[in-house]
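Read-outs: derived from the displayed coordinates by stated rules, not from any lab. Bear in mind that the values here come from a model prediction, so they are computed numbers and not experimental data. Here Cβ is always computed from backbone atoms with ideal geometry, including for glycine, and neighbour counts include all displayed protein chains.
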Amino acid sequence: MSINFLNTGCQTYSSRKKFGLCDDPPPARNPAYIDEANGANWIAVVINDYDYNCTFTAVDNCIDVRKPNGKLDKRCEGFISYNDTIIFVELKERGTQGAEWV
């Protein structure tokens, strides 16, 4: 099965020196995304000292990844990419229901 990880509908962008990654609390139904303005909602902070054009591609709740038996597979929130670098991202918040292990 072919998976399109370049779906622009799953991507948000930033080239700011500092931006955040956000994800709805469980049970999340929307994909994670970049936010540049509302720091109170940020789960992770990205420091982009070199002003790279960063793309965050949401995988969970956006890109359909299935096991060979057709069932939905587990997925990370997404990945940040810039130049020839890819950084996979799994967002977890301490103190939320179901995150006691974090």
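What does the charge dipole of the chain about its Cα centre add up to, to the nearest 20 debye, if the Cβ of each Lys and Arg holds +1 and the Cβ of each Asp and Glu holds -1? Working shown, then result.
Working: 11 positive and 14 negative charges, 54 e Å.
That gives the chain a dipole magnitude of about 260 debye.
Which ³J(HN,Hα) values, rounded to whole Hz and listed in residue order, are derived for the stretch 63-74 from phi using the Karplus coefficients 6.51, -1.76 and 1.60 in 6.51 cos²θ - 1.76 cosθ + 1.60 with θ = phi - 60°, glycine and proline given as x?
10, 7, 10, 10, 6, x, 7, x, 6, 4, 8, 5
Positive end of the charge dipole of the stretch 8-89 (Lys, Arg +1 and Asp, Glu -1 on Cβ, about the Cα centre): tell me which of SER15, ASN41, PRO31 has its Cα farthest that way.
Going by the Cα projections, it comes out as PRO31.
Could you check the spin-label model distance between LYS74 and TYR50? Points 7 Å from the Cα along Cα→Cβ, value in nm.
Each label point lies 7 Å from its Cα, and together they span 3.2 nm.
With no solvent and one point on each alpha carbon, what is the Debye value of log10 I(q)/I(0) for the stretch 49-96 at q = 0.16, 0.21 Å⁻¹?
Per q value, in the given order, log10 I(q)/I(0) is -0.59, -0.82.
Please tell me the relative contact order of the chain in percent, rounded to the nearest whole number, where contacts are Cα pairs under 8 Å and at least six residues apart.
Relative contact order, the chain: 25 percent.
Using modelled backbone amide H atoms (1.01 Å from N, in-plane), which distant-in-sequence or interchain residues come within less than 5 Å of PHE19's amide H?
Under 5 Å from the amide H of PHE19 lie the amide H atoms of VAL46, ASN48, each far enough along the sequence or on another chain.
Counting each pair of different Cα atoms once, what's the Kirkwood radius of the stretch 8-89 in Å, rounded to one decimal?
Here the Kirkwood hydrodynamic radius works out to 13.4 Å.
Where in the stretch 7-23 is the amide nitrogen less than 14 Å from a point lying 7 Å along the Cα-to-Cβ axis of TYR82?
Zone members listed by number: 13-21.
Between the stretch 12-33 and the stretch 50-81, what is the C-alpha centre distance in whole Å?
If we compute the Cα centre of each part, the gap is 12 Å.
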